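Everything below concerns the one structure shown next.
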Amino acid sequence: MSFNSFGHLFCVTTWGESHGPALGATIDGCPPNVPIDAADIQIWLDKRKPGQNKFTTQRREADEVEILSGVFEGKTTGTPIQLMIRNTDQRSKDYGDIADTFRPGHADITYWQKYGIRDYRGGGRSSARETAARVAASGVARAALHVLCPSLEIKGYMVQMGEQTIDRTRFDWDFIDQNPFWMPDAEAFDGWSKYLDDIRKSHESVGAVIEVVAKNAPAGLGAPIYAKLDTDLSAAMMSINAVKGVEIGEGMASAALTGSQNADEIYLGNDGQPSYSSNHAGGILGGISTGQDIVVRFAVKPTSSILTPRKSISKSGKPIDVVTKGRHDPCVGIRAVPVGEAMMACVLLDHLLLHRGQVGPENGGQIG
């Protein structure tokens, strides 16, 4: 199985399976002398780990990261960094009933069609458990970004869960870290809680929309034509398990706007730098960042692992009703929030390094 890596200069290769002994990431291309230790990575893994509340899978994993190489005396050395997270709460017996059947909505059937073999224990490599390795890698990316671009801030949050949406007039940045949905609308929280509780008790699941914003992002990241920042961001978000759609800025809604409505007017700010009347472009024009907030949005489908019977077939082609046992998220979008943040961090560091390599740290506008 190839294509387990992403990134150009900051390159991340993830490895491991949902029910194997461990999983992790190998990072190549991190700059040297970046201060980091396991605790700096752990804070991001703790946002994503399962079993934290009744709205996520009850699989209990500490997700404790170990740094095996690439860090010496608290700093990166510029050599490959190996990160490992041990699996400690696997229940492979939960998946014995589906060893010879294909779960509807899962990658079971496509893995079988492509490779002729699959790890049915929790989905193996196709499991969202793989995203723990990405979040670990992003801890390294964030540490490097803090050195190279200290004012940059990356924040993800849910803007929709099934039929429930936030009211953007009540947008509260401080509330995002105070609730299990990572939602920015305090008044809508109780309604969302009851909604998902009813979904969970009815043995169903529901999808979500997550928005990730990078504030104080420097201008100049990305390059035409095939190294556009929005191209790599879209690919990164689409690579997350269960993601079925990605938008930058206004996204699909821009099709309903006129040219005069959509074009963000440009002014010279008091600081002598360009200022914009709006941000329909999501902080990216021609594949290059403008210096505005970079806004990415992605849609996550409902979790396919549900107790409600669904029709499928066995390997022999026999019709069968499938009930997926085990511990699963009623809305996988909740834990997709820190994963979206992780992919944003990795892509931005990668493009920051690309930019510096192409034009130098003192050239090309506003990147210092």
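Being in a loop (DSSP other than H, G, I, E, B), buried (at least 21 other Cβ atoms within 10 Å of the Cβ) and more than 23 Å from the chain's Cα centre (by Cα): is that true of T324 here? For T324, the condition - in a loop (DSSP other than H, G, I, E, B), buried (at least 21 other Cβ atoms within 10 Å of the Cβ) and more than 23 Å from the chain's Cα centre (by Cα) - is met. The set of residues in the range 110-131 that are touching a Ser or Thr at 6+ places or on another chain (Cβ under 9 Å) and either in contact (Cβ under 8 Å) with a residue 60 or more places away in the chain or closer than 19 Å to G333 by Cβ (or both) comprises D119, R121, G122, G123, G124, R125, S126, S127, A128, R129, E130, T131. Condition check: within 30 Å of I109 (Cβ to Cβ), open to solvent by less than 40 Å² (accessible area, probe 1.4 Å) and either modelled with pLDDT of 95 or more or within 15 Å of the chain's Cα centre (by Cα) (or both). Does G287 satisfy that? Judged against the criteria, G287 is not a match. No other residue among I109, I85 is at pLDDT 95 or above and over 27 Å from L196 (Cα atoms) apart from I85.
Restricting to the range 247-261, count the residues that are outside any helix (DSSP H, G or I) and either of a type in the set (S, T, N, Q) or crowded, with 17+ Cβ neighbours inside 10 Å (or both).
So in the range 247-261, the residues outside any helix (DSSP H, G or I) come out as 247-250, 257-258.
Among the residues that remain, those that are also either of a type in the set (S, T, N, Q) or crowded, with 17+ Cβ neighbours inside 10 Å (or both) are: 247-250, 258.
Counting residues in the range 247-261 that are outside any helix (DSSP H, G or I) and either of a type in the set (S, T, N, Q) or crowded, with 17+ Cβ neighbours inside 10 Å (or both) gives 5.
Within the range 95-129, the set of residues being surrounded by fewer than 21 Cβ atoms within 10 Å (Cβ to Cβ), in contact with a helix residue (DSSP H, G or I) (Cβ under 8 Å, 6 or more places away or on another chain) and aromatic (F, W, Y) comprises just one member, Y111.
Can you name the number of the only condition in (1) surrounded by fewer than 16 Cβ atoms within 10 Å (Cβ to Cβ); (2) within 30 Å of G105 (Cβ to Cβ) that Q178 fails? Every listed condition holds for Q178 apart from (2). I'd like the residue in the range 295-324 that is touching a residue at least 40 places away in the same chain (Cβ under 8 Å) and basic (K, R) and, out of all such residues, is farthest from S234 (Cα to Cα). Checked the range 295-324; the qualifying residue farthest from S234 (Cα to Cα) is K315. Assess whether F171 counts as being open to solvent by 50 Å² or more (accessible area, probe 1.4 Å), at pLDDT 95 or above, hydrophobic (A, V, I, L, M, F, W, C) and out of contact with any Leu (no Cβ under 8 Å at 6 or more places or on another chain). Yes, satisfied.
Against the criterion of being closer than 15 Å to T290 by Cα and either among the charged types (D, E, K, R) or within 24 Å of the chain's Cα centre (by Cα) (or both), L196 does not qualify. The one condition from (1) in contact with a strand residue (DSSP E or B) (Cβ under 9 Å, 6 or more places away or on another chain); (2) open to solvent by 60 Å² or more (accessible area, probe 1.4 Å); (3) part of a loop (DSSP other than H, G, I, E, B) that K244 does not meet is (3). Scanning the range 181-227 for residues that are open to solvent by less than 10 Å² (accessible area, probe 1.4 Å) and assigned to a helix (DSSP H, G or I), we see that the one that is nearest to M158 (Cα to Cα) is W192. Of the residues E187, E211, the single one that is in contact with a helix residue (DSSP H, G or I) (Cβ under 9 Å, 6 or more places away or on another chain), farther than 30 Å from Q82 by Cβ, in contact (Cβ under 8 Å) with a residue 60 or more places away in the chain and not aliphatic (A, V, I, L, M) is E211. Residues in the range 231-260 that are touching a Ser or Thr at 6+ places or on another chain (Cβ under 9 Å) and either free of Cβ contacts under 8 Å to residues at least 12 places away in the same chain or under 15 Å from Q292 (Cα atoms) (or both): I248 only.
The values are calculated or read from the model by the stated rules, or taken from the named source; none is laboratory data. Owing to the predicted nature of the structure, the values given are computational and were not obtained by experimental measurement. Cβ atoms come from the backbone with ideal geometry, glycine included; neighbour counts cover every protein chain shown. In case anyone asks, the SASA skips ligands and DNA or RNA and just uses the protein heavy atoms, side chains included. Shrake-Rupley method; radii C 1.70, N 1.55, O 1.52, S 1.80 Å.
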